[in-house]
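Comments concern the structure below.
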Amino acid sequence: MEARVIVNGRIRELGEVGGHVTLLDWLRGSGLTGCKEGCAEGECGACAVLVAREDGPERTRWVAINACLVPAAAFDQQEVVTSEGLGRRYGPGRLHPVQREMARRGGSQCGYCTPGFICSMAAEYYRPGRRPAQAEGPHQAEGPDGAGIPVAADGPRGGNGSGAADDEHGPNGFDLHALSGNLCRCTGYRPIRDAAYALGQPDAGDPFLARLAEPAPAPAATETSSAQGRYVRPASLAEALELLAARPDARLVAGSTDWGVELNLRHARAALTIGIERIAELREFSPGPGRIDIGAALSLSEIEAGLAGTVPLLDEMFPQFASRLIRNGATLGGNLGTASPIGDALPALLALDATLVLASVEGEREVPLARYFTGYRQSVRRPDELIKTIRIPLPVASVTAFHKIAKRRFDDISSVAVAYALELDDGAGETGERTVASIRIGLGGVAATPLRAAAAEDALRGQPWTRDTVAAAAEEMARAGTPMSDHRASEAYRIAMLRNSLLKFYAENQEARS
């Protein structure tokens, strides 16, 4: 089947894009210049577009992604909507409700970032389950369908669905974190937020809403070449493993959030790129009585939805991992495959005592994550292997936390990341003080690899959960790893953050003493 993409309802031939033409470049080369290149590394969101993804077996969900990071070839037989296509589906001369509210409320400043904001906002506009929350306010804002929406006196604020005041959720149920990956260079955030919080519910006849009730496009086996290299998307895991066995130098690509940066900024070119993000065997999600198996090619957003808060440590980590745009593509398999010492998911998985299932044509093997990393961006995974499954044992610890120290609150790389999983005994001794039954602490950003804080764990295990015990263990934490100074943080700062993180964890959980 000839490679093609449905863009804004129209079929377009992909052409000879190979493995090194991004979706952004292909769209702009096709005359759809609404999406822009800003940072070329997935931080600004100017390139955001909507893609149709499955939401169960017979339904679709609109998902916003960074077009600058993903290969165009990965969208063979898929459906993409750009900012230009949103208004066109409503008819000649009409604006989409998101576009109209952005225009009404001055949400577009210079306009460069506006198309990306609109696509991210549209994904949240159509999010299943988005419902108005109860909010107090003296006046009403007019939604795009003419309905009144409560607005607080100093601007549109409201609840997060529970009726509680929350500056990051609108009275219409809009989650402002949907825009966490979009940057406005003209600092026009207030009117953009106003536009988001003024949106009503989609009309019953909305064509994009109607699309949600239909099946999403199925993945297609794809092969396309160019002068710079070849792209192959196998139809099954067996095909992918055979191809990898024959070409162990091939580049595996799933969410592409690392691939796109290497391509755009470092001009990396692999002769063969293997797309594995839609292989069914890598997208399995299996919660069981003794463990949770997570497919390596599931996006972080899909994992977050599947877990539904059942693993509190990951639930705390997800919102701090880059942005929603990135999490809609990024995978745990990719985070582990790069073996980066600053991958945010890795300390959390270490604290959860996760294991990895590695697959090759020779079969599968299970490796504890604590023994997976061997050096800077190096691991025990062989060139002919790929990560199939991330396995989390159950039950998970009852007291957990994820501390990310970074220069920005969201959408930033960690200077230091620390994950905790603590289990205390029942405190049945003479003093009534509870002791540490088990403790696992995962660290990132303080050594050439992610690692466990073994000495601090030893200092806590079996000891009373008291300030004195924790203070002594914090000194062991300060000696963990081999922190370095770079443009994100100094060695001294990283050491201080390790010590303070454990003290903070204790302060947040003092009530666990009794």
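Looking only at segment 69-86, filter to residues that are under 14 Å from Ala52 (Cβ atoms) and of a type in the set (D, E, K, R); which one of those is surrounded by the most Cβ atoms within 10 Å (Cβ to Cβ)?
Filtering first and then ranking leaves Asp76.
Checking the condition closer than 18 Å to Ala401 by Cα and aliphatic (A, V, I, L, M), which residue from Ala480, Ala471, Ala459 passes?
Among Ala480, Ala471, Ala459, only Ala471 is closer than 18 Å to Ala401 by Cα and aliphatic (A, V, I, L, M).
Looking only at segment 322-380, which residues are under 16 Å from Ile441 (Cα atoms) and either in contact with an Asp or Glu (Cβ under 6 Å, 6 or more places away or on another chain) or of a type in the set (S, T, N, Q) (or both)?
Answer for segment 322-380, where residues must be under 16 Å from Ile441 (Cα atoms) and either in contact with an Asp or Glu (Cβ under 6 Å, 6 or more places away or on another chain) or of a type in the set (S, T, N, Q) (or both): just Thr355.
Mind counting the residues in segment 288-323 that are assigned to a strand (DSSP E or B) and of a type outside the set (S, T, N, Q)?
Total meeting the criteria: 5.
Restricting to segment 64-113, count the residues that are closer than 19 Å to Leu199 by Cα, part of a helix (DSSP H, G or I) and in contact with a Ser or Thr (Cβ under 9 Å, 6 or more places away or on another chain).
Qualifying residue count, segment 64-113: 3.
So Ile342 clears everything in (1) modelled with pLDDT of 95 or more; (2) part of a loop (DSSP other than H, G, I, E, B) except one condition, right? Which one?
(1)
Taking segment 385-398, which residues are surrounded by fewer than 19 Cβ atoms within 10 Å (Cβ to Cβ) and touching a Leu at 6+ places or on another chain (Cβ under 6 Å)?
none
Going by the conditions given, is Ala489 assigned to a helix (DSSP H, G or I) and among the small types (Gly, Ala, Ser)?
No; evaluated as a whole, the condition is false for this residue.
Out of the residues in segment 214-229 meeting the condition of being surrounded by 13 or more Cβ atoms within 10 Å (Cβ to Cβ) and hydrophobic (A, V, I, L, M, F, W, C), tell me which one is nearest to the chain's Cα centre (by Cα).
Top of the filtered list is Ala216.
Any chance you could count how many residues in segment 371-382 are out of contact with any Ser or Thr (no Cβ under 9 Å at 6 or more places or on another chain) and in contact (Cβ under 8 Å) with a residue 24 or more places away in the chain?
Within segment 371-382, residues that are out of contact with any Ser or Thr (no Cβ under 9 Å at 6 or more places or on another chain) and in contact (Cβ under 8 Å) with a residue 24 or more places away in the chain number 1.
Could you tell me how many of the residues in segment 484-503 are crowded, with 17+ Cβ neighbours inside 10 Å and in contact (Cβ under 8 Å) with a residue 60 or more places away in the chain?
7
Considering each residue of segment 239-255, count those that are outside any loop (DSSP other than H, G, I, E, B), surrounded by fewer than 19 Cβ atoms within 10 Å (Cβ to Cβ) and in contact (Cβ under 8 Å) with a residue 60 or more places away in the chain, and give that number.
The total comes to 2.
I'm told Ile413 meets every condition in (1) over 25 Å from Ser379 (Cα atoms); (2) at pLDDT below 95 except one. Can you identify the failing condition by its number?
The one condition Ile413 does not meet is (1).
Among the residues of segment 211-220, are any within 30 Å of Leu95 (Cβ to Cβ), assigned to a helix (DSSP H, G or I) and at pLDDT 95 or above?
The answer is yes; a qualifying residue exists.
Asp145 - would you say it is charged (D, E, K, R), surrounded by fewer than 15 Cβ atoms within 10 Å (Cβ to Cβ) and modelled with pLDDT under 95?
It is true that Asp145 is charged (D, E, K, R), surrounded by fewer than 15 Cβ atoms within 10 Å (Cβ to Cβ) and modelled with pLDDT under 95.
The values are calculated or read from the model by the stated rules, or taken from the named source; none is laboratory data. Remember, predicted model here, so these are calculated numbers, not experimental data. Neighbour counts run over all protein chains shown; Cβ positions are idealised from the backbone, glycine included.
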